[in-house]
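S.K.: Below are the structure tokens for one structure; questions will follow.
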Amino acid sequence: MGRLIVTGGAGFLGAGFVHHVIRHTDHHVTVLDALTYAGNRASLDGLPADRVAFVHGDITDAPLVDSLVSRADAVVHYAAESHNDLSLANPRPFVDTNVTGTFTLLEASRTHDVRFHHVSTDEVFGDLGEGSDAPAFTEDSPYRPSSPYSATKAASDMLVRAWIRSFGLRATISNCTNSYGPYQHVEKFIPRQITQVVRGERPKLYGSGSHVRDWIHADDHSAAVLAILERGRIGETYLIGADCERTNREVIERILALMGQPSDAYDHVADRPGHDHRYAIDASKLREELGWMPRHSDFDEGLSATIDWYRTHESWWSAAKDSAEKFYAAREGAGFPADTM
Ligand code: NAD
Ligand code: TDX
């Protein structure tokens with residue numbers, strides 16, 4: 001394989017993947033990242049300069065993308081606008097980056113016959129309904145995205161499938177569940193609640209908190225992507241998940257307990273419009289074909305380590321926390337979303 005381009009490598013999962021690749025392989029990596037509000041160069045600190053290069057640029061910049069891809073052996077595509085709440089406030093950048101950006105990368109990869117791996121989400125399948133004991137999503141589940149974010153991710157998956165079928169692009173797709181761990185932006189659920197407690201504020205639970213997410217540690221997600229990149233069958237989609245379903249209420253209560261707070265020291269706030277109720281993934285294909293297994297299967301242990309990381313890396317998240325909380329406060333001040341209170 002050799003020379004990888006990792007798009008979005010200054011983001012949560014992209015940075016985690018670059019660290020994973022440097023630890024476990026001898027590949028060289030070029031990170032292509034626009035350093036939006038979600039990117040942080042410090043997430044790449046400590047990596048060897050002779051194996052990791054950083055290019056500050058946009059995946060919609062076709063000449064730049066073409067020039068980088070022409071010198072690569074594979075593209076691992078993480079870059080995206082990734083936050084559902086922001087996609088409800090302003091969907092435009094989601095279409096630009098997630099759809100047009102993916103298209104730009106696909107065109108360059110087809111031109112230069114470069115192996116492509118597309119990192120996507122379980123949210124493309126929509127949700128399993130309230131109180132549902134419906135079986136988890138599989139690779140054959142129909143696409144039924146709910147939010148502007150998940151709709152643009154679904155669109156990008158469809159583009160990749162079309163480039164495989166129509167142009168013979170050597171590509172694979174992965175759809176993973178909610179990931180957690182170090183370097184995750186503080187707008188997201190788990191780091192938002194941990195950093196609330198660190199700052200002496202109360203965690204914020206949307207609606208009743210009965211919504212279910214299927215959690216996986218970011219390092220297990222990275223290991224799965226690497227296995228698919230190196231050993232996955234071309235043209236195939238693999239679902240990634242670690243069988244760790246929890247309600248949001250349970251997760252907040254665990255965070256509070258692990259941080260020495262009373263388990264009811266949180267606020268219920270207005271629900272997210274169109275809030276997906278439950279996600280769950282059946283990762284049998286990945287486990288059986290590629291022998292992948294999650295290593296961080298103890299959720300409490302993973303949460304404790306993540307809490308320690310945020311406690312000891314306040315300078316990494318402090319400025320982002322101020323702006324994320326301004327966004328949430330403005331939204332609540334505007335009565336968001338009045339009709340679902
Ligand atoms: P993130 O928001 O933390 O990081 C996104 C990165 O992409 C940032 O560094 C940002 O600067 C960069 N970026 C954004 N627009 C860009 C552009 N136009 N050009 C170049 N770079 C750009 O996101 P994340 O949580 O790390 O998610 C990464 C990928 O994994 C996304 O494709 C997401 O859909 C997918 N995914 C995430 C999760 C999760 O739980 N976080 C789960 C499944 C799949
Ligand atoms: O303050 C909060 N309170 C709360 O109850 C926040 C920020 C979220 N929530 C709820 C909403 C969701 O049910 O927690 C759950 C998780 O929320 P997010 O962290 O925003 O994640 P989600 O919307 O589930 O999407 C995530 O997983 C799939 C990532 O952000 C996506 O990029 C990924 O594709």
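S.K.: Restricting attention to region 80-99, report how many residues are β-branched (Val, Ile, Thr) and within 16 Å of THR36 (Cα to Cα).
M.R.: Matching residues across region 80-99 total 2.
S.K.: Being at positive phi and more than 16 Å from ligand 2 (Cβ to nearest atom): is that true of GLY260 here?
M.R.: So GLY260 fits the description; yes.
S.K.: Please go through region 171-229 and pick out each residue that is closer than 17 Å to ARG254 by Cβ, hydrophobic (A, V, I, L, M, F, W, C) and within 11 Å of ligand 1 (Cβ to nearest atom).
M.R.: Residues satisfying the conditions are PHE189, ILE190, TRP215, ILE216.
S.K.: Which residues, counting only those in region 272-311, are of a type in the set (A, V, I, L, M, F, W, C), under 15 Å from CYS176 (Cβ atoms) and in contact with a Pro (Cβ under 9 Å, 6 or more places away or on another chain)?
M.R.: The answer is ALA280, ALA283.
S.K.: Of these, GLU245, GLU236, which one is touching a residue at least 60 places away in the same chain (Cβ under 8 Å), closer than 30 Å to MET158 by Cβ and either surrounded by 22 or more Cβ atoms within 10 Å (Cβ to Cβ) or not basic (Lys, Arg) (or both)?
M.R.: GLU236
S.K.: Please give the number of the condition LEU256 fails out of (1) in contact with a strand residue (DSSP E or B) (Cβ under 7 Å, 6 or more places away or on another chain); (2) within 24 Å of ALA320 (Cα to Cα); (3) among the hydrophobic types (A, V, I, L, M, F, W, C).
M.R.: (1)
S.K.: What number goes with the only condition from (1) within 14 Å of ligand 2 (Cβ to nearest atom); (2) crowded, with 21+ Cβ neighbours inside 10 Å; (3) closer than 23 Å to HIS211 by Cα that ALA136 does not pass?
M.R.: (1)
S.K.: Something else now. Before we move on, is PHE167 of a type in the set (Phe, Trp, Tyr), modelled with pLDDT of 95 or more and touching a strand residue (DSSP E or B) at 6+ places or on another chain (Cβ under 8 Å)?
M.R.: So PHE167 fails the test.
S.K.: Out of THR97, THR111, THR102, I need the residue that is within 13 Å of ligand 1 (Cβ to nearest atom) and over 21 Å from THR177 (Cβ atoms). Which one?
M.R.: THR97
The values are calculated or read from the model by the stated rules, or taken from the named source; none is laboratory data. On a predicted model such as this, the values are computed, not experimentally measured, just so you know. No Cβ is skipped: glycine too gets one built from the backbone with ideal geometry, and neighbour counts run over all protein chains shown.
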